[in-house]
Amino acid sequence: DNENILKQNKFRRTSFPGDSASETTTYNSIRNDNGTHRVNARWEYAIDSVNSILYSANFSKQQVRVLTIDTSVTFSDGINKYMATEVRTNKKDNRDGINYSGELLYRRKVKRIGRTLTLGWRNNKADNASEGYNVSPIIAYYSNGSIASSVNLNQQSFQENEVGSNTISASYTE
């Protein structure tokens, strides 16, 4: 498992010559938690001195959790200095995935030394799902401090992916 936490502040002042200025302060807090588990295996079975079977498999599971809290406040600095807008964003993203790949090989040595006939079957399967939420109230103010407008941004996203493949192969090596 791996966890990262990032916190930062930003300040920006924009001047409009002969008119006014705006000052924006932004505070970000991001927490990222990532966990990955892997298993790899290989089995070989000798049927006799000429024939053998080889099986290899890879399996992985991943979980990612991200939480972002962002606050941005803009002040208008004209005739009067006042808080013009305030945006508070809360984002949450969760992703989970399982991946598998396997290969089964039948190998047969032929009469000439160093030569082999191989028949193979390889398959892959991946299932991944994610969900995300974004809740952001956006508030604009008049210069007297009363609320001019208020909008609640509320977004959700869901995604699922499933992928699979099969491959048959044959080879003759010298």
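The values are calculated or read from the model by the stated rules, or taken from the named source; none is laboratory data. Given the structure is predicted, the values throughout are model-derived calculations rather than measurements. For neighbour counting, all protein chains shown are included, and Cβ atoms are generated from backbone atoms with ideal geometry for every residue, glycine included. Surface accessibility is based on the protein's heavy atoms, side chains included, excluding ligands, DNA and RNA. Shrake-Rupley method; radii C 1.70, N 1.55, O 1.52, S 1.80 Å.
Taking 19 Å as the straight-line reach from the Cα of residue 7, the lysines in range (excluding those fewer than 8 positions away in the same chain) are 91, 92.
Counted by Cβ distance under 9 Å from residue 97, the other residues give a net charge of 0, where Lys and Arg count +1 and Asp and Glu count -1. If you find the alpha carbon centre of region 45-67 and of region 87-117, how far apart are they in angstrom? Computed from Cα coordinates, the inter-centre distance equals 7 Å.
Distance between the modelled labels on residue 149 and residue 115, one decimal in nanometres: 8.0 nm (7 Å Cα→Cβ projection). Of all aspartates and glutamates in the structure, the ones whose alpha carbon falls short of 15 Å from that of residue 125, not counting any fewer than 8 places away in one chain, are 96, 103, 160, 162.
3J(HN,Hα) along region 70-86, derived from phi through the Karplus expression 6.51 cos²θ - 1.76 cosθ + 1.60 where θ = phi - 60°, amounts to 9, 10, 10, 10, 10, 9, 9, 10, x, 5, 10, 8, 8, 6, 8, 9, 9 Hz, with x in place of Gly and Pro.
Per-residue 3J(HN,Hα) values for region 24-30, derived from phi via the Karplus relation 6.51 cos²θ - 1.76 cosθ + 1.60 with θ = phi - 60°, read 10, 10, 10, 10, 10, 9, 10 Hz in sequence order (x marks Gly and Pro). A dipole drawn for region 20-174 from +1 and -1 charges on Cβ atoms has a positive end, and of 50, 83, 36 the residue lying farthest that way is 50. Carbon and sulfur atoms: what percent of the 1.4 Å accessible area of the chain do they account for? Accessible surface attributable to carbon and sulfur in the chain totals 51 percent. Just checking the listed ones, 40, 144, 94: in the Gaussian network model of the chain with Cα springs under 10 Å, the one fluctuating most is 144. Listed by chain and number, the lysines whose C-alpha is less than 20 Å from the C-alpha of residue 81, apart from same-chain residues fewer than 8 away, are 10. For region 119-174, relative contact order (Cα pairs under 8 Å, six or more residues apart, normalised by length) works out to 51 percent. Treating r as the C-beta distance of residue 142 and residue 22 and R0 as 22 Å, the FRET efficiency rounds to 0.90.
If a spin label sat at a point 7 angstrom from the Cα of residue 88 along the line to its beta carbon, the backbone N atoms of region 134-154 nearer than 14 Å would be those of 135-140, 151-153. Just one of [x] -0.59; [y] -0.45; [z] -0.77 is log10 I(q)/I(0) by the Debye sum over Cα atoms at q = 0.12 Å⁻¹ calculated from these coordinates, so which is it? Checking each listed value against the structure points to [z]. Working from label points 7 Å from Cα in the Cα-to-Cβ sense, the residue 45 to residue 81 distance is 7.9 nm. Computed from the C-beta positions of residue 160 and residue 56 and an R0 of 25 Å, the FRET efficiency is 0.35 to the nearest 0.05.
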